[in-house]
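Just so you know, all these numbers are worked out from the coordinates, no wet-lab data involved. Since the structure is predicted, the reported quantities are computational estimates derived from the model, not experimental observations. Because the Cβ atoms are built from the backbone with ideal geometry, glycine has one as well, and the counts that use them run over all protein chains shown.
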Amino acid sequence: MEREYIGSEWSPEEPEVECEERPRRASEAIPHVLGRAVFGGYFLYNGINHFLERRKLAGYAESKGVPKADLAVELSGAMMIAGGLSLLTGYRPKIGSVLIAAFLAGVSPQMHAFWKESDPQRRQGEMVNFLKNMALVGAAMIAAGSRQPWPLAAGQHQLAA
């Protein structure tokens with residue numbers, strides 16, 4: 001059925017279009033898998049570090065005004081480990097992406113509140129870290145919006161020639 005042009009608008013009848021998704025090619029899959037290794041590995045490493053350096057990180061979080069800093073460090077570490085593993089393996093990557101984005105969006109305003117710093121050097125350092133975290137939130141959102149299944153995801157092993 002064709003749509004009809006009426007005045008300044010198209011008729012409301014939208015033809016149904018079926019799109020067949022093509023499999024990913026190796027030239028698309030390889031950068032995707034490498035990016036997952038870097039992005040997911042970064043959060044997996046830092047999540048593990050949250051548990052290994054829990055006392056030190058809890059002291060730092062407490063100095064930034066985080067309530068129940070010990071618990072906050074453990075919860076944020078768990079979020080990073082689960083999200084990082086998800087992104088690294090491609091298993092339930094939308095959930096992993098949400099965990100990473102939620103972690104970053106939740107901690108950044110408290111831990112990197114550059115607008116509260118009066119010393120220019122500290123202000124600049126906190127601003128760099130805050131903006132880096134916001135860029136990582138964006139990357140997590142891109143990952144969340146990527147079509148599934150991801151190439152070479154846990155349980156998936158197909159590439160097109």
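Side notes on the structure shown:
- Stokes-Einstein, applied to the Kirkwood radius of the range 24-145 over Cα pairs at a viscosity of 1.002 mPa s and 20 °C, places its translational diffusion at 142 µm² s⁻¹.
- Peptides 113-121, 79-87 ordered by average Cβ neighbours within 10 Å, highest first: 79-87, 113-121
- For the range 31-36, the Karplus equation 6.51 cos²θ - 1.76 cosθ + 1.60, evaluated at θ = phi - 60°, returns couplings of x, 5, 5, 5, x, 4 Hz by residue, with Gly and Pro reported as x.
- A simple rule links phi to the HN-Hα coupling: the Karplus curve 6.51 cos²θ - 1.76 cosθ + 1.60 with θ = phi - 60°, which for the range 136-144 gives 5, 4, x, 5, 5, 5, 4, 4, 5 Hz, with x for Gly and Pro.
- Of all lysines in the structure, the ones whose alpha carbon falls short of 23 Å from that of Lys64, not counting any fewer than 8 places away in one chain, are Lys56, Lys116, Lys132.
- Dipole check for the range 86-161: with +1 at the C-beta of Lys and Arg, -1 at the C-beta of Asp and Glu, and the Cα centre as origin, the magnitude is about 180 Debye.
- The mean sequence distance of close C-alpha pairs (under 8 Å, at least 6 residues apart), as a share of the length of the range 24-145, puts its relative contact order at 23 percent.
- R0 of 25 Å, Cβ-Cβ distance Asn129-Val38: FRET efficiency to nearest 0.05: 0.85
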